[in-house]
Structure formats: structure tokens, C-alpha cells
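Trainee: Mind having a look at this structure? Questions to follow.
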Amino acid sequence: MLKALKMLENKKAPFLWPEAWPHFAWGSWLLTAPSEVNTGGGRVIDLKEGFKGPLELHQALLSCKPKLSLLDLARLWQQSQEDPSLAQDLNWTELVNHCGLRSGESLTQVLESLLKTPASFQTWSEEKQLAPRDLNLLLSFESEKDKSPDLVKTWENLLDKLAETSTSKSTGVKIMELGGELLLMGKQLPSWSHESPEHFARDLERVRFPLSHQSLEAKNQELKQWAWPSRSSGRWLRQGDELLMEIKILAPHGEELKKRLDQMKSLLEGQNG
Amino acid sequence: MAESGPIISKSQQDLEKLLDHFDRVYIDRKSENSPLARRLESLFPADKLEWVDSRPHPQIRGEMSSGEFARSKRQLYVTEFKGQFFKRCPGAKPGLACCNYFVLNWGQQCDMNCSYCYLQSFLNSPVLTLYSNLDQALEELRQLGKSLGEQSLRVGTGELVDSLSLDPLTLFSHELMAFFRDTPRWTLEFKTKSDFVHQFLDVPHEGNVIVSWSINPQAVVEREEQGTASLEQRLQAAELCLSRGLQIAFHIDPMIWHPEWKENYAALVDEVAARFRPGDLPYLSLGALRFQPEQKAMMRERFGMKSWVNQGEMWPGKDGKLRYPLELRQEMFNFVLNRFKEYSPEWKVFLCMESPETWLSTYTKAPQQVDSLAPLFDQGVSRQFRKALKRSQADTNSASG
Ligand code: SF4
């Protein structure tokens, strides 16, 4: 009796294996189909002996699917915890190393918490190829599960919304970080109804970093009072921990540019003096 | 004489606190005959001790989980250090102004628990490690001393392990103070958040030992510096050291923004100014919260978002560390600096781990140009030291090759 690896179940983008091909197994573990019914008419090749010599389970698995996602790993980890025969057959450390990760408690905790997120988010995390560090915040919510179920619900709704709006990886990770921290701080999230994910991320940043935002606003208000030469303007921008001034000067030709630069120089000297 | 009663009982209390703190003590058999191993064997109950041939928990490598990190603080491992003990101050990097300061590491990990601790992004060992071959470290220093001739130098000891929080166990202070008695032009600095000083108060010294405390308002200590001595205990320990002719210094570092920061830091300055005179302290340093982005997740998980450190508005600085916005740092530094200057212009306050830009906006001068601070920033000495270090390494290599 062949046992299926659960990593292949319930995936929006399943581990597709052409129908006409024979399936692969390793010992009693079916590697290329989510269940017995899809084993291509029952023709299954055991990779335990391999074609060029014996293979270990993780090697056989990686030769069928060379790039495993975190979700794949999470499901394998879960199954190996539930089924001691898989834990015995699978060299978990080697498998994880092949995926460019280090096995250890910090990884398995992230994997376990990923499996507790909404299914839509799990799929999004797989599509966007999130790394464990992108998912660290999940661990902070684990400890809130018993204490504040409502908070966790709001968090899960946020994760669900990320997936629903097909947010890009970088914006999605930013929204998770900012939104998650705000929730854990006991703050209300700004509403996310029709805004784009990018717009929502900016709103979150404003609420998460109020002092930085206020000082930027105040500086920009100040700039508005300046007597700018015609067709020139300026604004303060935050770059890392610094505020930098950006000045824009439009001029039809070099002579005019020189004149405006001189005016700008006197303006700046007046402000500093 | 009148003092000896309470002093002995305090140092005994400090020791007992540490014996209680550790769940397990692993001693590498190779360190068996070291004074440290022998002392720990005599102090700890047998059921806490275990002799080992290699580092315990070998399966834990690389990044630790927050639980593993927390557990590592309660498991002591004694082994030999193989490598160079003596390192330059990590702040001395291009783009950062830093004091002329060199670091000697005799172990790694700390028994205390600060929310911002940089060890959270740095350590990858599941045990608090102490090195049993301090004698070799001192030999390294002796060799360097020879190459340096008459140069003066400050040697710090609290980079990867607090200088004094484990000292009642190790008594490393005794060996170091004895060594520095013979090199009076060198300065030894212990940097701590503990108040464990009683164990060395009677050790003779040449006046070249500085005991420094990182201090923060009590509200910050309570919220962000678990397991450390209270502000009052630190200040009392400083007074005691001063009374024994030891030099003392304070690092108001890391300053942590919180809604009542002005009141709390004003009260801190007032307390220091009320209890000490500028002449009592060779210097006082200021620094603001900063940490590596990689440690954020662990900090969040371990201390939650109610922590002022985790709530901080942190942005990446030029060196990649997360810092408060520059304008906020300047406001915080100026506030403390001005408060000290209101008491006396003689307070020698400098900024540690800050960029030249921050220095200039706070002092309008580079560190080396501030009269009272110039001796701390003798670049010539730093250069000489680096050369000496290279020479000594080259000698070692050619000798072993
Ligand atoms: S005292 Fe220093 S080394 Fe110890 S936990 Fe606090 S910051 Fe880290």
C-alpha cells in the first residue's frame, strides 16, 4: 500500500505530473501524486534503488520536485510529526539544507504557524516564494491565540486580504510587518477598502511611525512658506534615518538655469543664516 | 573595618544568585585543570555539573529560536577559546566616530535579559560560554604591550558578555586587575548593568581600572532591562567603587524614546549630577537605541510589542543598523547634553556609535576637536595599535609556519 505525501494535497497550483507518465515512489511513499487514484494506471517506479544507484527519500523527492516551497516543507514536517515512519525515512536536515535553509526550532516553528494561517494566505505565500524571515511575525501571533482571539481574527483577515488583492511580495511583506505590529501594539488599523495595497501600506506606515511622519510634515509645511524662484520647488524626503531635501528647478536654457540656481543659493543662505 | 561585614554578605548574595540562575553547568574535559573549572566545580552542586567532550546541544547550530536563546542564558559551558582574544571596538568602522577602545572577550552570552540586546542577532551557540584560558588572553596582551612601547590604551571587557554580572563566579576581575597593576599606562574598563562589585573591592590596583555602568531611567530598566540591577543599585555600586579609588564612568546608552522620555532622562541627569561631580567621571557617553534588522523578529517574539524598544520608530542608518530618525536622536542627545551643561560645563559627555554628522550637529565639532574629549580620540594611538596587532599576528604566523 503506497502512502501519499500530504504536501501534494489541496493545492491551488498542485504538483502537476503529466498523466501519461508513470509515477514515482520511494519505498512505500508515493512521490508524484496526491493519492493512489492518480497513479497513472498503477504504473509506479520505486526510486529507492534509483537509476544510477540507491537514493535517499529526500533525494528522490528533490529529483521529482527540485524546488520545494515553504508550504511543501511545512506539510512534510507536519506529516513527519504525525507519522513516525516518515520521520524515520526522511532525512529532514538534508532536505532543508538542499532548500537553502537551516533546520532547527526557529524554522519548524515558522512552518507550523504557516499551516495555521488562512488557506488563501498559504497559497499566496507559496506563489510569492516567501522566506521564513518574511513570516516571523506569525510567531508573535501564536502566543496571542488564547489571550486575544479577536486580535488573531483581525490578523487573519488581513492575511486573507493580502492574498485576495494579489499584493506583490514586497508590499505584502511590508503590510504584514506594519499591520501586524500595529495590531500587537493594540492600535486600530486604517481601513483597507478600495485603496491599492501600496496606498494601504503608506497609510499603515503613517500610523506606525507617527513621530517620523509629523517631523516630515512639519518640515514640508515650512518649505511651503519659502519664496521659491519661479518654476522651482522642493520637498523633504525620508531616506533611511535621515531627512533629505529634494529640489526641482525647471529652466528653458542654461542661462536661465544659472540665474535660478543663484536665486536658489540666496534663498538657501537666507534660510540658514 | 566597619564595612567588611555587609560587603562579605553582599558578595555572598551575588554569588548565590548566580548559582541559582544556572540550570546546568557543562565543563569541557580539556578545561578540567583550569582555575575556572576548579572553582565552578567547588561552587555548583554535583547534580548541576556535567563534564563533556564537546559543546552541548550540537544539533542546535546557526540561528536560534527565541526559546533556545532564552534557555541558553541558563546553561553555562566552560571551554578553551581558540583564536584571538583581543579585538578592536566594533564601533571603530569607517563613517562612525568612536572612542579609542579595544575589546577583550572572555566568553559569550549574558545572564541578564535586555530587550534590545545585540547578542540576539549575533550568537549562534545554545549555551552561555566562558573561556577557561584567560591566561592566554593575558599573554596576548603582554605581547601587544611589548609592541606598543609607551602608548596608552583602553581595554574594554563587556562586548559579548557583561564584564561583571558573572564575576562573582569567575573572579576574572582579580586576574585582570593584577595584570593591569603591572601596566599602569593602560586602562582596564569593566562595563556592566549589574551591581556586582563587592568581590573585587579589596583587590589592589594602580588607579587604572574604570568600572562603567550603562544607565537608564528606572522606568526603562524595569521595562527593557530584565534581570539587571536597578538604577539605584548601579549608582550605589558606582559610589562604592569611587570610594575605593576606582575610576567610574556612565554610559547613558541606549537612550530609549518613550512618551515620558524628557521627564525620565531629566531625572536621570539630575540624579547623576546630584550624586557625582564632573571630576569623578573621566567621561560620560551617550548613545541612542540601535540594532541589527535581523534581531527584530526575535526581539518582538521575546518581548512583545508593549516594549518601548519594539515600539520604536526605527529606520535603517548608513551602517545598516536600525536607528531612530536622525532629528529625534539629535533632540535626545541635545536634551541630555544641555541638562548636564546646566549643572556644569565640565561634564565630559561624548556620543558613542554615532556618525560624524550627528557629532557635528550636536557639538558643531568633530570628536577630536572637543577639548575635553580629545584624549579619548587619539587616532594616532588607534593606528599604532592596529599596526602592532598586525605585526604581532605576522610574528605568530611566521613562528607557527
Ligand atoms: S546586559 Fe548587555 S549583554 Fe546582557 S542582556 Fe543586557 S544588553 Fe545584552
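The values are calculated or read from the model by the stated rules, or taken from the named source; none is laboratory data. The shown structure was predicted, so the numbers you read here are calculated from the model rather than taken from an experiment. Every residue, glycine among them, receives a Cβ derived from its backbone with ideal geometry; neighbour counts consider all protein chains shown. These accessible areas exclude ligands, DNA and RNA; they are computed on the full protein's heavy atoms, side chains included. Shrake-Rupley method; radii C 1.70, N 1.55, O 1.52, S 1.80 Å.
Trainee: With the contact rule set at Cα under 8 Å and sequence spacing of 6 or more, what percent relative contact order holds for segment B:252-355? Working shown, then result.
Mentor: On the way: 109 pairs, mean separation 40.1, N = 104.
That works out to 39 percent.
Trainee: So what's segment A:192-240 giving for Cα Rg divided by 2.2 N^0.38 Å, two decimals? It would help to have the intermediate numbers written out before the result.
Mentor: On the way: Rg = 14.0 Å, N = 49, 2.2 N^0.38 = 9.7 Å.
Working it through for segment A:192-240, the quotient is 1.45.
Trainee: Normalise the Debye intensity by I(0) for segment A:212-272, one equal point scatterer per Cα, no solvent, then take log10 at q = 0.21 Å⁻¹ and round to two decimals.
Mentor: So the normalised log intensities are -0.85.
Trainee: Round to the nearest 10 and report in Å² the accessible area of A:Glu144, as given by a 1.4 Å probe over the protein chains' heavy atoms.
Mentor: Using a 1.4 Å probe on the heavy atoms, I get roughly 40 Å².
Trainee: Okay, moving on. If the cut-off is a Cα-Cα distance under 22 Å, which lysines reach A:Lys52, setting aside same-chain residues fewer than 8 apart in sequence?
Mentor: Of all the lysines, those that pass the test against A:Lys52 - Cα under 22 Å, at least 8 places apart if same chain - are A:Lys65, A:Lys67.
Trainee: Report, in debye and to the nearest 20, how large the dipole of segment B:114-253 comes out about its Cα centre when Lys and Arg carry +1 and Asp and Glu carry -1 on their Cβ. Intermediate results must be reported in sequence, preceding the final value.
Mentor: Working: 10 positive and 19 negative charges, 41 e Å.
My answer is approximately 200 debye.
Trainee: Express in % the proportion of alpha carbon pairs of segment B:208-276 at distances exceeding 20 Å.
Mentor: Details: 629 of 2346 pairs.
When every Cα pair of segment B:208-276 is considered, 27 percent fall beyond 20 Å.
Trainee: Tell me, what ³J(HN,Hα) does each residue in segment B:134-141 have, in order and in whole Hz, if you take phi through Karplus 6.51 cos²θ - 1.76 cosθ + 1.60 with θ = phi - 60° and put x for Gly and Pro?
Mentor: Listing the rounded values in order: 4, 4, 5, 4, 5, 5, 4, 4 Hz.
Trainee: If I build a Gaussian network model for chain A, linking alpha-carbon pairs within less than 10 angstrom, which residue out of A:Leu57, A:Leu71, A:Leu243 has the largest mean-square fluctuation?
Mentor: Residue with maximal mean-square fluctuation among A:Leu57, A:Leu71, A:Leu243: A:Leu243.
Trainee: In addition: Given the pairs A:Lys174/B:Lys321; A:Lys6/A:Lys128; B:Lys17/B:Lys191; A:Lys161/A:Lys224, which are separated by over 27 angstrom at their Cα positions? Walk me through the numbers on the way to the answer.
Mentor: Details: A:Lys174/B:Lys321 18 Å; A:Lys6/A:Lys128 21 Å; B:Lys17/B:Lys191 20 Å; A:Lys161/A:Lys224 38 Å.
The answer is A:Lys161/A:Lys224.
Trainee: What are the ³J(HN,Hα) couplings of segment A:92-98, residue after residue, when phi is run through the Karplus curve with 6.51, -1.76, 1.60 and θ = phi - 60°? Round to Hz, x for glycine and proline.
Mentor: Per residue, the Karplus-derived 3J(HN,Hα) values read 4, 4, 5, 4, 5, 4, 4 Hz.
Trainee: Another one. With point charges of +1 on the Cβ of Lys and Arg and -1 on the Cβ of Asp and Glu, referenced to the Cα centre of chain A, which listed residue (A:Asn272, A:Leu137, A:Val44) lies farthest in the positive direction of the dipole?
Mentor: A:Asn272
Trainee: Give me Rg over Rh for the protein assembly as shown, both radii from the alpha carbons and Rh done the Kirkwood way, two decimal places. Don't skip to the end; give the middle numbers.
Mentor: Working: Rg = 29.7 Å, Rh = 29.0 Å.
We get a ratio of 1.02 for the protein assembly as shown.
Trainee: Rounded, prolate or oblate: which one fits segment B:165-207, using the alpha carbon gyration tensor with axes a ≥ b ≥ c (rounded when a/c is under 1.5, else prolate when a/b beats b/c, else oblate)?
Mentor: Details: a/c = 2.09, a/b = 1.71, b/c = 1.22.
Prolate, since a/c reaches 1.5 and a/b exceeds b/c.
Trainee: Still on this structure, I have one more. Within straight cross-link reach of A:Lys219, meaning Cα distance under 23 Å, which lysines are found once same-chain residues fewer than 8 apart are removed?
Mentor: By straight Cα distance, A:Lys219 reaches A:Lys248, A:Lys265, B:Lys262, B:Lys318.
Trainee: Treating only the Cβ of Lys, Arg, Asp and Glu as charged (+1, +1, -1, -1), what charge dipole size does segment A:104-208 show about its Cα centre? Round to the nearest 20 debye. Could you put the intermediate results ahead of the total?
Mentor: Details: 13 positive and 18 negative charges, 47 e Å.
Result for segment A:104-208 is approximately 220 debye, rounded to the nearest 20.
Trainee: Contact order normalised by length for segment A:212-272, with contacts defined as Cα pairs under 8 Å and 6 or more residues apart; what percent is it?
Mentor: Numbers: 48 pairs, mean separation 16.9, N = 61.
Once divided by the residue count of segment A:212-272, the mean separation gives 28 percent.
Trainee: Here is a further query. Mind listing the long-range amide H neighbours of B:Ile248? Cut-off is under 5 Å, sequence gap 5 or more, other chains count too, H placed in the peptide plane at 1.01 Å from N.
Mentor: B:Val211
Trainee: Can you list residues from other chains, or at least 5 along the same chain, whose modelled amide H is less than 5 Å from the amide H of B:Phe350?
Mentor: Result for B:Phe350 returns B:Leu284, B:Ser285, B:Leu286.
Trainee: Now, a different point. Please get the size of the charge dipole for the protein assembly as shown, origin at its Cα centre, with Cβ charges of +1 on Lys and Arg and -1 on Asp and Glu, quoted in debye to the nearest 20. Working shown, then result.
Mentor: Details: 82 positive and 90 negative charges, 352 e Å.
Roughly 1700 debye, rounded to the nearest 20.
Trainee: Check the straight Cα-Cα distances from B:Lys30 and name the lysines below 25 Å, setting aside those fewer than 8 residues away within the same chain.
Mentor: Result set, ordered by chain and number: B:Lys48, B:Lys73, B:Lys82, B:Lys87.
Trainee: Is the C-alpha gyration tensor of segment B:243-349 telling us rounded, prolate or oblate? Criteria: a/c under 1.5 is rounded; beyond that, a/b larger than b/c is prolate, otherwise oblate.
Mentor: Numbers: a/c = 2.11, a/b = 1.93, b/c = 1.09.
The shape class here is prolate.
Trainee: Run the numbers on chain A and let me know its relative contact order in percent, using alpha-carbon pairs under 8 Å that are six or more apart.
Mentor: Details: 279 pairs, mean separation 26.4, N = 273.
Reported as a whole number, the value is 10 percent.
Trainee: Report, by chain and number, residues whose modeled amide H sits under 5 Å from the one on A:Trp29, excluding near sequence neighbours (fewer than 5 apart, same chain).
Mentor: Amide H to amide H, under 5 Å and 5 or more residues apart or across chains, A:Trp29 pairs with A:Lys3.
Trainee: Leaving ligands, DNA and RNA out of it, work out the accessible area of A:Arg202 with a 1.4 Å probe and give it in Å² to the nearest 10.
Mentor: It works out to around 130 Å².
Trainee: In addition: Give the percent of DSSP beta bridges with both residues in the protein assembly as shown that are antiparallel, rounded to the nearest 5. Present the calculation step by step, with values, prior to reporting the outcome.
Mentor: Numbers: 22 of 62 bridges.
Bridges in the protein assembly as shown that DSSP calls antiparallel: roughly 35 percent.
Trainee: Quick check for you: with a 1.4 Å probe and neighbouring chains kept, what is the accessible area per residue of the protein assembly as shown, in Å²? Don't jump to the answer; show the numbers that get you there.
Mentor: Numbers: 31160 Å² over 674 residues.
About 46 Å² of surface per residue is accessible.
Trainee: Can you tell me the convex hull volume per residue for chain A, based on C-alpha atoms, in Å³ to the nearest whole number?
Mentor: Numbers: hull volume 61.0 nm³, N = 273.
Expressed per residue, the convex hull around the Cα atoms of chain A is 223 Å³.
Trainee: Given only helices, namely DSSP H runs of n ≥ 4 each adding -39500 (n - 2.57), what is the per-residue ellipticity at 222 nm of the protein assembly as shown, to the nearest 500 deg cm²/dmol? Provide the component values of the computation, followed by the final result.
Mentor: Details: 27 runs with 299 residues, N = 674.
The per-residue figure over the protein assembly as shown is -13500 deg cm²/dmol.
Trainee: I need the phi-derived Karplus couplings for segment B:200-209: 6.51 cos²θ - 1.76 cosθ + 1.60, θ = phi - 60°, integer Hz, Gly and Pro marked x.
Mentor: For segment B:200-209, the Karplus curve yields 10, 4, 9, 6, x, 8, 9, x, 10, 10 Hz.
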